[in-house]
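Visitor: Dropping the structure in here first, questions after.
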Amino acid sequence: MNWLEHLKTINHHRFLVMKACFRVGLYRQGLLHDLSKYSPAEFLVGVRYFQGNRSPNDAERLDRGYSSAWLHHKGRNKHHLEYWIDYSLQPPEENPLPLTGMEMPVKYVVEMFCDRMAASKTYRKELYQDGDPWEYYAKSKSKYLLHPASRELLESLLLMLRDRGEEETFRHIRGQVLKK
């Protein structure tokens, strides 16, 4: 029955992202969000590693040393910061890493915000609080290759959600962030 539970989890998550995207006016992104999760490369792996309280990608990563589903997913979904990692054009003295995060279009940063909020709601269920997406992000933020402007926007939205709640954050996104 893992396939049914995994399907329900995907559908629930997509529904929450769609609702959030619709609230800020990103209708197309809301409808198309994470469609690759239904592909065999992602869905079958998700069924195999399904647990219900966290991403199956984490379990696959622990078992195999990498997540084939995640590698497939991040390369097809522009709302993931990993989609925007490329070779750095900066000299090594300015950026010692050969890779860097490219600046993400604002609409994808907003979708990433909606995705993180929906993932927290999906996995935390009734325990969800508006600070959960920030807490999850903050645990790993030092490891992310994220362009400074994209990082600043994402972090400001996650902190606004934590400190001021959904309504004010969505109003800010509609009235300020997406109007620029």
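The values are calculated or read from the model by the stated rules, or taken from the named source; none is laboratory data. No experiment lies behind these values; they were computed from the predicted model shown. Reconstructed Cβ throughout: ideal geometry from the backbone, glycine too, with neighbour counts over all protein chains shown. Accessible surface areas use protein heavy atoms only, side chains included; no ligands, DNA or RNA. Shrake-Rupley method; radii C 1.70, N 1.55, O 1.52, S 1.80 Å.
Visitor: Name the single residue, out of those in the stretch 61-78 being open to solvent by 60 Å² or more (accessible area, probe 1.4 Å) and among the aliphatic types (A, V, I, L, M), that is nearest to Ala41 (Cα to Cα). Working first, answer last.
Guide: Taking the stretch 61-78 and keeping what is open to solvent by 60 Å² or more (accessible area, probe 1.4 Å), we get 61-66, 71, 76, 78.
From what's left, among the aliphatic types (A, V, I, L, M): 62, 71.
Numbers: Leu62: 18, Leu71: 10 Å.
Per the criteria, the residue is Leu71.
Visitor: Count, please, the residues in the stretch 1-34 that happen to be assigned to a helix (DSSP H, G or I) and under 26 Å from Gln51 (Cβ atoms). Working first, answer last.
Guide: From the stretch 1-34, those assigned to a helix (DSSP H, G or I) are 2-24, 27-32; that's our starting set.
Still in the list and also under 26 Å from Gln51 (Cβ atoms): 2-20.
Residues in the stretch 1-34 being assigned to a helix (DSSP H, G or I) and under 26 Å from Gln51 (Cβ atoms): 19 in total.
Visitor: Looking at (1) within 20 Å of Lys121 (Cβ to Cβ); (2) open to solvent by 20 Å² or more (accessible area, probe 1.4 Å); (3) modelled with pLDDT of 95 or more, find the lone condition where Gly46 falls short.
Guide: For Gly46, the exception is condition (2).
Visitor: Just for the stretch 142-176: of the residues that are among the small types (Gly, Ala, Ser) and assigned to a helix (DSSP H, G or I), which one is farthest from the chain's Cα centre (by Cα)?
Guide: Residues of the stretch 142-176 among the small types (Gly, Ala, Ser): 142, 149-150, 156, 165, 175.
Then drop every residue that is not assigned to a helix (DSSP H, G or I), which leaves 142, 149-150, 156, 175.
Details: Ser142: 16, Ala149: 17, Ser150: 13, Ser156: 15, Gly175: 22 Å.
By that ranking, first place goes to Gly175.
Visitor: While we're on this one: Give the residue, chosen from Met102, Met117, Met112, Met160, that is open to solvent by 50 Å² or more (accessible area, probe 1.4 Å), at pLDDT 95 or above and not basic (Lys, Arg). Quick ask: steps written out before the conclusion?
Guide: Values: Met117 fails: open to solvent by 50 Å² or more (accessible area, probe 1.4 Å); Met112 fails: open to solvent by 50 Å² or more (accessible area, probe 1.4 Å); Met160 fails: open to solvent by 50 Å² or more (accessible area, probe 1.4 Å).
Of the residues listed, the single one that is open to solvent by 50 Å² or more (accessible area, probe 1.4 Å), at pLDDT 95 or above and not basic (Lys, Arg) is Met102.
Quick grid of which residues meet (1) closer than 14 Å to Leu145 by Cα; (2) assigned to a loop (DSSP other than H, G, I, E, B); (3) hydrophobic (A, V, I, L, M, F, W, C):
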{"position": "Asn77", "(1), (2), (3)": "no, yes, no"}
{"position": "Tyr83", "(1), (2), (3)": "yes, no, no"}
{"position": "Glu93", "(1), (2), (3)": "no, yes, no"}
{"position": "Glu103", "(1), (2), (3)": "yes, yes, no"}
{"position": "Lys107", "(1), (2), (3)": "no, no, no"}
{"position": "Glu111", "(1), (2), (3)": "no, no, no"}
{"position": "Thr122", "(1), (2), (3)": "no, no, no"}
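Visitor: Looking only at residues that are open to solvent by 30 Å² or more (accessible area, probe 1.4 Å) and outside any helix (DSSP H, G or I) in the stretch 124-141, which one is nearest to Arg164 (Cα to Cα)?
Guide: Asp130
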